[in-house]
Amino acid sequence: MAEKTSDTITDVPGIKVGHAQDFDAITGCTVVICEDGAVGGVDQRGGAPGTRETDLLRPMHLVERVHAVLLTGGSAFGLDAAAGVMAYLESRKIGFNAGVARVPIVPAAVLFDLDIGSSDIRPDAEMGRKACEAASADPVEQGSVGVGTGARVGFLFGPNYRMKGGIGSASIRLGGGIVVGALVAVNCYGDVVDPDTGQIVAGARKPTARYEFADTLATLHTFVGKTVDALAVSNTVIGVVATNAGLGKDQANKVAEMAHDGLARAVRPAHTMLDGDTIFALSTGKKKSSVNVIGAYAAEVVAQAIVNGVRAAASLGDCITAQDMITGNR
């Protein structure tokens with residue numbers, strides 16, 4: 001039977017995580033580094049993605065291993081931070097051997113945070129490098145940090161009734177030394193729901209009641225819901241699942257696909273045309289396990305990471321947090 005833990009993705013051997021952020025501009029980025037390389041996969045399901053180097057992760061493409069994954073704010077502008085990640089890795093001679101140079105393979109995904117803080121300050125190469133310099137195998141800091149700095153959730157009624165999102169992580173030990181972990185930035189159109197209770201943890205609030213949830217899914221069924229979702233700008237849940245189980249490239253892609261089940265359990269609704277939901281999968285080791293088992297528990301840790309991220313969030317940009325909804329203090 002699987003042993004549940006409350007730990008983070010850095011429990012997976014070979015994984016380091018670093019954050020960098022600008023709290024005044026309310027944006028940031030997070031890097032997952034695998035210095036020895038990791039077999040990578042990806043599954044993108046939202047209708048509004050912003051990504052980099054995802055095609056090479058698919059089967060039948062040359063490159064097998066990646067060296068880092070970047071999760072960043074700043075919308076498409078934030079992809080500039082990947083240049084800093086590449087420069088950091090190149091300086092350490094980490095990358096795909098192209099003969100004349102080592103080329104670090106750094107897939108990336110973005111979330112939209114331009115409508116909080118300063119819209120003209122976004123993660124750049126310098127911030128990407130700072131995230132790498134901060135990377136370690138220590139437990140991951142969660143909440144309003146790194147790519148989670150500008151994350152929000154519950155956009156149904158527009159910016160005035162949303163709540164603070166964040167970055168969360170979780171891991172699970174499956175026995176035999178196998179670990180599966182997840183790191184997820186939560187910036188979704190829908191509500192975040194605790195899969196264990198079915199209760200909304202964070203999401204859109206009623207315009208008529210500061211401390212009551214609107215329940216996005218239920219509201220969409222009404223006339224009001226059908227007329228207000230145009231208020232949402234652009235949202236997404238982006239993340240990484242990692243394991244030290246040995247996976248081939250096709251299996252890593254399957255694990256990324258299965259991990260989206262966890263997103264759908266914890267975000268309601270998920271994968272809308274207003275979201276850019278993207279999950280990467282990394283395999284850092286060679287321990288034998290069934291891809292079905294790894295994928296099933298990847299979904300579990302993704303769901304837990306999402307809930308952890310919003311529960312750990314601190315208020316920035318005058319956004320109410322999950323804790324505020326419990327205490328009614330703001």
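We did not get these values from a lab; they are worked out from the coordinates using the rules stated. Just so we're clear, the structure is a prediction, and the values are computed from it rather than from any experiment. Every residue, glycine among them, receives a Cβ derived from its backbone with ideal geometry; neighbour counts consider all protein chains shown.
Look at the dipole of the range 3-327 built from charges on Cβ: of V42, P59, G148, the Cα furthest out on the positive end belongs to P59. Roughly what % of DSSP beta bridges within the chain run antiparallel, to the nearest 5? Roughly 80 percent of the beta bridges in the chain run antiparallel, per DSSP. Summing charges over all other residues whose Cβ lies under 15 Å from the Cβ of V100, with Lys and Arg as +1 and Asp and Glu as -1, gives +1.
Working from label points 7 Å from Cα in the Cα-to-Cβ sense, the H61 to E90 distance is 2.0 nm. In degrees from 0 to 90, rounded to the nearest 10, what is the angle of the helix 249-266 Cα long axis to the longest principal axis of the chain? Roughly 20 degrees, rounded to the nearest 10. Residue order for T272, T327, T30, fewest other beta carbons within 10 angstrom first, comes to T327, T272, T30.
Relative to the dominant Cα principal axis of the chain, helix 81-91 is inclined by about 20°. Annotation for the range 95-121 versus the range 277-330: alpha-carbon center distance of 21 Å.
Computed from phi, the 3J(HN,Hα) profile of the range 288-297 under the Karplus parametrisation 6.51, -1.76, 1.60 (θ = phi - 60°) reads 7, 6, 6, 4, 5, 5, 4, x, 4, 7 Hz, with x in place of Gly and Pro. Most mobile of A48, A151, A68 per a Gaussian network model of the chain (Cα springs, under 10 Å)? Looking only at A48, A151, A68, the largest GNM fluctuation is found for A48. Taking the helices alone, the chain has a mean residue ellipticity at 222 nm of -7000 deg cm²/dmol, built from -39,500 (n - 2.57) per DSSP H run of at least 4 residues and averaged over all its residues. Over all other residues within a Cβ to Cβ distance under 13 Å of D215, the charged ones net out to +1, with Lys and Arg as +1 and Asp and Glu as -1. Counting every other Cβ atom within 10 Å of each residue's Cβ, Y88, Y189 order from fewest to most as Y88, Y189.
From largest to smallest, the equivalent ellipsoid semi-axes obtained for the chain from the alpha-carbon gyration tensor read 31, 22, 17 Å. The charge dipole of the range 3-327, taken about its Cα centre with unit charges on the Cβ of Lys, Arg, Asp and Glu (plus for the first two, minus for the last two), comes to roughly 540 debye. With a threshold of 26 Å on the Cα-Cα distance, the over-threshold entries among K16/K286; K130/K287; K93/K254; K93/K130; K130/K249; K93/K286 are K130/K287; K93/K254; K130/K249.
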